[in-house]
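Scroll down for the structure; my scribbles are underneath it.
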Amino acid sequence: MLKIDDPDIVREVTEASDCYEVALMANDLTQLDALFRDAPETIRYGVGENLYGFEEIAEFRKTRTGGSPRRKVLRRVVTTYGHGMATVNLEFRREGSTRTGRQSQTWLRTDEGWRIATAHVSLMESFS
């Protein structure tokens, strides 16, 4: 039977997600690349771009001036499925913005450790 949210696996994925957040805020391209699965099937849908394959994702990060805008994580939900797959969904707010952002990631356990296989980032509309 598939075990959902094994505490040890949740801890592992939470630690990997923490590493991702630190690397994102530091614009640490080497670490960010290391956290994405190096494969043509890896996908990242961003706020303004659709990236197919690890190479497109890495190239996008290299050409993005200044890296990701600073943000504060408001809420994170880590769900694990067995020992090899997990999702990390979070809400965030960029500094100086009132819009809520959303990030969804699918993580896979690989021989190299936990890696992001798919990611999606979006911003909600502001409502006054």
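Some observations on this one:
- Candidates 67, 96 - the one that is outside any strand (DSSP E or B), in contact with a Leu (Cβ under 8 Å, 6 or more places away or on another chain) and within 23 Å of residue 48 (Cβ to Cβ): 67
Each row is one residue, and each column tells you yes or no for (1) loosely packed, with under 15 Cβ neighbours inside 10 Å; (2) in contact with a strand residue (DSSP E or B) (Cβ under 9 Å, 6 or more places away or on another chain).
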{"position": "90", "(1), (2)": "no, yes"}
{"position": "97", "(1), (2)": "yes, yes"}
{"position": "101", "(1), (2)": "no, yes"}
{"position": "113", "(1), (2)": "yes, no"}
{"position": "119", "(1), (2)": "no, yes"}
{"position": "125", "(1), (2)": "yes, no"}
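- Taken over region 1-16, the criterion of being of a type in the set (D, E, K, R) and touching a residue at least 24 places away in the same chain (Cβ under 8 Å) is satisfied by 3, 5, 6, 12.
- Some residue of region 32-49 being hydrophobic (A, V, I, L, M, F, W, C), within 15 Å of the chain's Cα centre (by Cα), assigned to a strand (DSSP E or B) and at pLDDT 95 or above: yes
A quick yes/no check of all residues on (1) surrounded by fewer than 14 Cβ atoms within 10 Å (Cβ to Cβ); (2) out of contact with any Asp or Glu (no Cβ under 8 Å at 6 or more places or on another chain); (3) hydrophobic (A, V, I, L, M, F, W, C); (4) within 23 Å of residue 112 (Cβ to Cβ):
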site	(1), (2), (3), (4)
5	yes, yes, no, no
18	yes, yes, no, yes
22	yes, no, yes, yes
32	no, yes, yes, yes
43	no, yes, yes, yes
48	yes, yes, no, no
67	no, yes, no, no
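The values are calculated or read from the model by the stated rules, or taken from the named source; none is laboratory data. None of these values were measured; they are calculated from a predicted model. Don't worry about glycine lacking a Cβ; one is built from the backbone with ideal geometry, like all the others, and counts go over all protein chains shown.
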